[in-house]
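Any read-out appearing in this document is the output of simple, stated calculations on the displayed coordinates, not a laboratory observation. This one's a predicted model, so the numbers in the text were calculated from it and none came from an experiment.
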């Protein structure tokens with residue numbers, strides 16, 4: 001997994017153990033990429049983001 005801080009311009013690789021019963025890393029179901037029912041971020045200022053559903 002990679003943690004990315006765009007405002008700080010830094011990133012870090014994080015080791016995460018795979019879980020066989022996890023829908024994402026174990027079963028490869030990535031429904032969150034379809035965007036259904038997901039929160040939508042919008043910019044409300046130069047350094048602020050509002051997340052709404």
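Side notes on the structure shown:
- Label of the coordinate-derived value, P(r) over Cα pairs in 5 Å bins from 0, in percent, listed as (1) 4, 21, 24, 20, 13, 9, 6, 3, 1, 0; (2) 5, 14, 12, 17, 23, 18, 8, 2, 0; (3) 4, 20, 29, 23, 14, 8, 3, 0: (2)
- Segment residue 34..residue 2, full-extension length gain: 9.4 nm, with 0.36 nm per residue of separation and the alpha-carbon distance subtracted.
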